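Presented below is the structure to which this report refers.
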Amino acid sequence: MPCTIECCPSLAETAPLLERLARRADSGLAPAGVEPRVRTILNRVCEEGLEAVLAYSREFDAPEFAPEQFAVSAKAAAAALEALPREDRRALENAAANIREFHEAQKERSWFITRPDGSIFGRRITPVDRAGLYVPGGRGGRTPLISSLLMNAIPALVAGVPEIAVITPPRQDGTPAPAILAAAHLLGIEEIYAVGGPWGIAALAYGAGPLCPVDVIAGPGNIYVAAAKRLLIGTVGIDMIAGPSEICIIADETADPEWIAADMLSQAEHDELASAVCLCLAEGLAETVRTALARQLADLPRRETAESSLRNFGALVETNLETALATANTLAPEHLELLTAEPWELLPRVRHAGAVFLGPWSPEPLGDYYAGPNHVLPTMGTARYSSALGVETFSKKISVLAASRKFTRESAEAVARLARLEGLEAHARSALVRIRAGDKYRR
């Protein structure tokens with residue numbers, strides 16, 4: 001059963017809620033032994049390559065894993081898509097189309113400015129050469145995260161990444177979950193490997209057999225996968241280190257308590273560290289939502305997980321609008337729902353959130369699977385300074401300088417002065433030598 005916190009209308013008096021969620025961050029830290037174990041795995045894969053990857057796969061995933069099962073054939077992926085039920089395929093295609101349309105609008109264009117003296121300065125946008133995507137298969141491949149594949153692969157495709165490698169853990173028989181193969185084939189991705197865990201992340205970073213190293217790694221995973229990604233920052237680009245799921249709802253008297261409860265449970269069922277908070281603007285709303293939660297929990301398949309989440313990191317807070325908005329901005333939640341009469345009026349006052357869902361017809365799962373905006377979002381308050389995964393995750397920005405003779409000769413003295421202030425004489429001389437060049441290179 002969720003906790004109810006009584007708050008007066010001031011941010012300071014929401015301290016118990018904020019403190020409890022801060023403890024959630026502490027609880028979400030990997031146990032002390034995780035990082036050294038992961039570092040050992042990374043080092044072994046770096047030194048031994050495919051041999052180490054196969055050994056770890058046999059130890060943790062598929063006891064009889066064979067070398068020929070590592071790289072998945074395009075034929076197997078095509079067969080998986082062919083076997084997908086028609087309605088499932090249609091849902092997958094529609095979701096992919098929505099996600100692609102949204103991310104196409106994110107594409108940045110290269111640009112240049114021309115000065116009167118003929119100098120041209122600008123920025124060139126280019127994709128990375130190779131991207132590696134980690135797609136969890138769930139325990140034994142029973143919960144394949146095809147939505148994760150769509151959300152990571154489509155921005156990379158829109159960015160124009162020429163080579164995309166997908167890795168996903170093998171089931172006990174050594175084969176990946178068919179739904180993941182089907183989704184990859186639908187997107188036109190042919191490079192797929194049956195490998196998971198931190199050794200899979202290491203294989204993406206360092207290479208293993210036919211799998212060549214990538215430039216950027218994206219995709220969610222457990223604490224071992226997250227630790228591997230953290231340790232590899234600087235070796236490769238990393239999308240983000242995600243924490244447990246979280247939702248914050250601001251609801252007034254127009255909101256349906258049953259819908260509020262359903263939306264809170266959509267996050268609470270993820271794991272015991274998930275957070276679900278509702279800031280109630282109407283008197284008595286918290287109690288009606290509590291009743292709805294109890295009723296919906298009764299037959300929820302993941303009831304124990306959701307109950308633990310709500311008990312430890314859930315909250316129903318009756319407060320006013322000013323405090324609700326201040327609290328939401330302090331939490332900087334992964335998902336923020338505005339279930340109010342005029343949600344668009346509140347949007348300009350939202351400063352920190354991974355994604356904002358406006359009105360009763362915008363439930364969080366719509367963003368998880370289908371609407372188009374990316375569901376890979378900053379958590380644990382990092383929305384204060386970071387953003388959702390997008391096309392830019394797989395792009396690079398290259399500055400371009402083509403200075404004219406006039407601009408450089410007129411700027412050389414100033415450049416030299418600045419360089420000498422920093423004690424860098426060679427910098428100064430590099431600029432000044434252009435003044436003494438006479439008519440050489442008149443362009």
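The values are calculated or read from the model by the stated rules, or taken from the named source; none is laboratory data. In this text the structure is predicted, and so the values were computed from the model without any measurement. We place every Cβ from the backbone using ideal geometry, glycine too, and count neighbours over all the protein chains shown. Areas reflect the complete protein model, heavy atoms only, side chains present, ligands, DNA and RNA absent. Shrake-Rupley method; radii C 1.70, N 1.55, O 1.52, S 1.80 Å.
Here Tyr385 meets the list (1) open to solvent by less than 30 Å² (accessible area, probe 1.4 Å); (2) over 22 Å from Asp263 (Cα atoms); (3) under 17 Å from the mean Cα position of the chain (by Cα); (4) among the hydroxyl-bearing types (Ser, Thr, Tyr) almost entirely, failing just condition (1). Which condition number does Ala403 fail, the rest of (1) open to solvent by less than 60 Å² (accessible area, probe 1.4 Å); (2) modelled with pLDDT of 95 or more; (3) closer than 22 Å to Ile99 by Cβ; (4) out of contact with any His (no Cβ under 9 Å at 6 or more places or on another chain) being met? Condition (3) is where Ala403 drops out. When region 254-270 is filtered for residues that are open to solvent by less than 20 Å² (accessible area, probe 1.4 Å) and in contact with a Ser or Thr (Cβ under 8 Å, 6 or more places away or on another chain), the ones remaining, listed by number, are Ala255, Gln267, Ala268.
Restricting attention to region 270-298, the residues being out of contact with any Pro (no Cβ under 8 Å at 6 or more places or on another chain) and assigned to a loop (DSSP other than H, G, I, E, B) number 6.
Is region 412-435 home to any residue that is open to solvent by 70 Å² or more (accessible area, probe 1.4 Å), modelled with pLDDT under 95 and outside any loop (DSSP other than H, G, I, E, B)? No, that holds for no residue. What do you reckon, is Ser399 more than 21 Å from Ile260 (Cβ to Cβ) and either in a helix (DSSP H, G or I) or free of Cβ contacts under 8 Å to residues at least 40 places away in the same chain (or both)? Judged against the criteria, Ser399 is not a match.
Here the strands (runs of 3 or more DSSP E) wholly within region 42-141 that include at least 2 residues being open to solvent by 40 Å² or more (accessible area, probe 1.4 Å) are 111-114, 120-127.
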